[in-house]
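Asks: Structure provided below as structure tokens; questions to follow.
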Amino acid sequence: MSKIKLNLNRRSVLQGIGAAASSGPFVMRSAMAQGTGDIVIGASQPITGVFSFAGTAMNNGLGDYVQWKNANGGVGGRKLRYVSEDSGFKLDQGVAIFKKIMASDKPNFFYGDSTQWVKAVAQDVVTSNSVMTSSTSLASVVADASTMPQHVVPGPTYPHLHEILMEHIAKTAAAAGTKPKIAYVYSDTEFGSDGIPGGRARAKKLGLEIVEEIITKQSGIDVTPEVAKLRRSKPDIVIFQGYILAPMPEFVRQMKEAGLEPQIMGTAWGLDRPAYDSLGALGVKLTGVSAYSYGHETTSPMINNMRDYLAKARPDLKSISPFYISAWMSGMLFGEIAERTIKAGKPLELANMKAALESMTDWDTGGIVGPKVDVSGHQIPAGRVYSYDSAKKTMEPASDWIKV
Amino acid sequence: MRTGIFHETFKSDERMWAVPAVRLWLLIGALVLFTMPLWSGDYLLAMACIVGIHIVATLGLNITTGNAGLISLSHGAFLGVGCYTVAWLGHRGVPFYLTLPAAGLSTACLGVIVGLPSLRVKGVYLAIATLAAHFILTFVFREWVSVTGGVPGTTIPRATLGDFVFVGDRRNFYLIYGCAVILAIAARNLARTYIGRAFVAVRDRDISAEILGVDLLRTKLQAFAVGAFYAGVAGGLLGYFYGAITPEYFVLTLSVFYLAAVIVGGLGTVLGSILGAAFMTFVPEALRLLVNASAHWFPGVAGLLLPMGQAVFGLLIIVFLVCEPHGLSAIWARVRRVIHLWPFRT
């Protein structure tokens, strides 16, 4: 939900009513929300709709970061202010929210809900010369400093995640003296297919054999014919990409019935609690590359801060989703960019903020991503392999942080 | 009090807008519309642009479904065809005044192909046939990477006219509403021609229409072609407005959105298309704003209120359809009648 601080005194209310009376309902909030000197982060979040399970976590993650940062002194002596609205994961609505918040709150940073949102607002953002954007999207197409100078990806891109995974497979196979056969099962969405060419190329380079590629819809899939293909190719490793949970459990169940017990792997959002819990219940040890440390880990100071904050602010929360951490990370990126720009004595304009971002070659994420990372390429090209621990019922590190 | 229109000449009878009062209101409406970028806020203008694009697409579906009675669930995908045509031609330096008609024409050709099953099936069977076309087209959008950019999508170069670049909502507004006005007038005119009347005849009873001399094959395909043409142009405008597009935009719910707009607005009328598109775009947005405002005052129930906006929107549509099955245009007609006959009651 929006975390707008309303200064509701008589004057501001009268100003608001006057503005509404003269110009309609659309400008009422603008009259009430200006002139604070805060650093404003706008957001178009999918709080309802098909992506609401992630949108709620993202909205909480970014909003909580702002609260936490303000409680710890803000940025360069200035407070952060978070303004978000529900996009319903619809492009039209997301773009309308962007225009609305741009007009009413003059944000310095903006967080969007999808790749197509990032692309749709790109021209307006560049033209405004006053905003940088981030998003939950890890698509390679938005991680390009030359074509998307206004955008920063809060993690590695999907191709990078798959490159890291292939490196890990090659390393463990070499140590074990095996030559595993790999099968890809991925959805026909960007989330599913964007990383595959990168993984395929890295596998070829490392001499790993991909014996099967199965492309499915994201939901409503008849798994049986696909499992039949896997029975023929008999892979040692099956990498799922583009699914949060379904149809992974059904695939695993049917593979087990068919006598197949390959190692199940995945990346990023496919390694969240619903996936590792349900696959763990089937006796599967899910392994994969995560862009961030997990919320239960105690080695990362920033994750500890996050957990401490959540214990007070959201005591009912059972686990910290990677979507929450991703949005928190975007907030950290925004905060750091603003801090560096202000320290340099420059106004928060796109060119200055871009320069600040590109100066972050050795940035400490507080352990959310490894020790130090290079964000100058408008992304965080590092990840870590995690594996399910059936005793602890959590994902535990299976490698060190790998940079690509 | 006005009780009717008495035409003394054929010219008067053939007029598109019958009485001076209507012409005056249209003139005022046009003035308000075309000065809107000068007085409107950025947000309202962006919403107006989105509504304008939806109006063009809804006009097209209203011709196919409302006038000719042919249900199409591939309309959303037709927008995609138009959008990708504009993108592909735009990257080759073709100006917008050629890309937009080309988008319309290419989509119309495709509409003819998609409309072929209408010769053998109608009603829900035709809906399923067009649904198949939707899935085929969305598959093509994802897989024909060299043209569509595949899943990551493609960019659309800005429309230019000499040195004038249609960048930003204020400029795109004129491009969108210029097209919308031309196409709305064309749709209105079409209804008065042989083709438009043939559409209605086919819709009301196709066997009778054939006995009367209407060529069913040609008429049904024309209905699909014209509807698809509008969708193609709307898709092109969508591309110019956003500057980038991915296949995720052209999902089945987009076709359902337009079908709902046609039904809510009123089948077979231009006004219905405009009101339907505006209703379907503005009402959820207004509800969302209302819910957001409520969430500030009642933060504890904000999580419940947000999804409630969608439920209220669904209920509103049901209430409208129950109270006035002929849509918003019929409600508007009733309001006008009440005003004309006041103080007497209809």
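Asks: Taking chain A as a Gaussian network, where each spring joins two C-alpha atoms under 10 Å apart, which residue of A:Ser134, A:Ser233, A:Ser326 fluctuates the most?
Replies: Result for chain A, Cα springs under 10 Å: A:Ser233 fluctuates most.
Asks: Scan around A:Lys79 for amide H atoms under 5 Å from its own, H built in the peptide plane at 1.01 Å from N, and keep only partners 5 or more places away or cross-chain.
Replies: Amide H neighbours of A:Lys79: A:Ile39.
Asks: Another question about this same structure. Quick one: compute the contact order of the stretch B:123-193, relative version, from alpha carbon pairs under 8 angstrom and 6+ residues apart, as a percent.
Replies: That works out to 10 percent.
Asks: If you don't mind, another one. I'd like the mean, over residues of A:46-55, of how many other protein chain beta carbons sit within 10 Å of each residue's own Cβ.
Replies: 2
Asks: Within 10 Å of each Cβ in peptide A:103-109, how many partner chain Cβ atoms are there on average? Round it to a whole number, please.
Replies: So the per-residue partner count for this stretch is 1.
Asks: Nearest 20 debye, what's the magnitude of the dipole of chain A about its Cα centre given +1 on Lys and Arg Cβ and -1 on Asp and Glu Cβ?
Replies: Dipole magnitude for chain A comes out near 680 debye.
Asks: What does the charge dipole of the stretch B:35-268 about its Cα centre add up to, to the nearest 20 debye, if the Cβ of each Lys and Arg holds +1 and the Cβ of each Asp and Glu holds -1?
Replies: That gives the stretch B:35-268 a dipole magnitude of about 360 debye.
Asks: Right, another one. Run the paramagnetic zone check for B:Ile185: 7 angstrom along Cα to Cβ, then residues of the stretch B:33-55 with backbone nitrogen under 19 Å.
Replies: Only B:33-36, B:52-53, B:55 fall inside the zone, counting backbone N under 19 Å.
Asks: Just to be sure I understand the model, the point goes 7 Å from the Cα along the line to the Cβ. What's the resulting A:Ser128 to B:Arg92 distance in nm?
Replies: For the pair A:Ser128/B:Arg92, the computed spacing is 3.6 nm.
Asks: Further, regarding this structure: According to a simple spin-label model (label point 7 Å from Cα along Cα-to-Cβ), what is the distance in nm between A:Lys205 and B:Ala293?
Replies: 5.6 nm
Asks: Also, quick follow-up: Defining a contact as two alpha carbons under 8 Å apart and six or more residues distant in sequence, what relative contact order in percent does chain B show?
Replies: Relative contact order of chain B: 29 percent.
Asks: What is the calculated FRET efficiency for B:Leu27 to B:Asp163, with r their C-beta to C-beta distance and R₀ = 25 Å, to the nearest 0.05?
Replies: It comes out at approximately 0.20.
Asks: Which order do the peptides A:387-395, B:160-168 come out in when sorted by mean C-beta neighbours inside 10 angstrom, highest first?
Replies: Averaged packing, sorted descending, gives the order A:387-395, B:160-168.
Asks: Over the stretch B:125-266, what is the mean sequence separation of C-alpha contacts under 8 Å (at least six apart), divided by residue count, expressed as relative contact order in percent?
Replies: Relative contact order, the stretch B:125-266: 33 percent.
Asks: For the modelled label position 7 Å from the Cα of A:Lys256 along Cα-to-Cβ, which residues of the stretch A:217-250 have backbone nitrogen atoms closer than 11 Å?
Replies: Within reach of a label on A:Lys256: A:249-250.
Asks: Take A:Thr298 and A:Lys318, extend 7 Å from each Cα along the Cα→Cβ direction, and tell me the distance between the two endpoints in nm.
Replies: Here the modelled spin labels are 2.3 nm apart.
Asks: Fewest first, what order do B:Cys49, B:Cys179 take by the number of other Cβ atoms within 10 Å?
Replies: B:Cys179, B:Cys49
Asks: Let me ask something additional. Report ³J(HN,Hα) in whole Hz for each residue of the stretch B:85-95, in order, from the Karplus equation J = 6.51 cos²θ - 1.76 cosθ + 1.60 where θ = phi - 60°; Gly and Pro get x.
Replies: Per-residue couplings from phi come out as 5, 4, 4, 5, 5, x, 5, 9, x, 6, x Hz.
Asks: Quote the FRET efficiency, to the nearest 0.05, computed for B:Asp13 versus A:Thr147 with a Förster distance R0 of 56 Å and r equal to the Cβ-Cβ distance.
Replies: 0.45
Asks: Sorted by packing (mean other beta-carbon atoms within 10 Å per residue), highest first, where do B:207-219, A:237-249, B:122-134, B:56-68 land?
Replies: B:56-68, A:237-249, B:122-134, B:207-219
Asks: Under a Cβ-Cβ cut-off of 13 Å, what is the net charge of the residues other than A:Gly76 that fall near it, where Lys and Arg count +1 and Asp and Glu count -1?
Replies: Result for the local shell: +3.
Asks: Once amide H atoms are built 1.01 Å from N in the peptide plane, which residues 5 or more positions from A:Gly42, or in another chain, come under 5 Å H to H?
Replies: Counting only residues 5 or more places away or on other chains, the set is A:Val83, A:Asn108, A:Phe109, A:Phe110, A:Tyr111.
Asks: Give, rounded to the nearest 20 debye, the magnitude of the charge dipole that the protein assembly as shown has about its Cα centre when Lys and Arg contribute +1 at Cβ and Asp and Glu contribute -1 at Cβ.
Replies: So the magnitude is around 1300 debye.
A short reminder: the numbers here are calculations on the coordinates, not readings from a lab. All values reported here derive from a predicted model rather than from experimental measurement. Cβ coordinates were reconstructed from backbone atoms using ideal geometry, including for glycine residues, and neighbour counts include every protein chain displayed.
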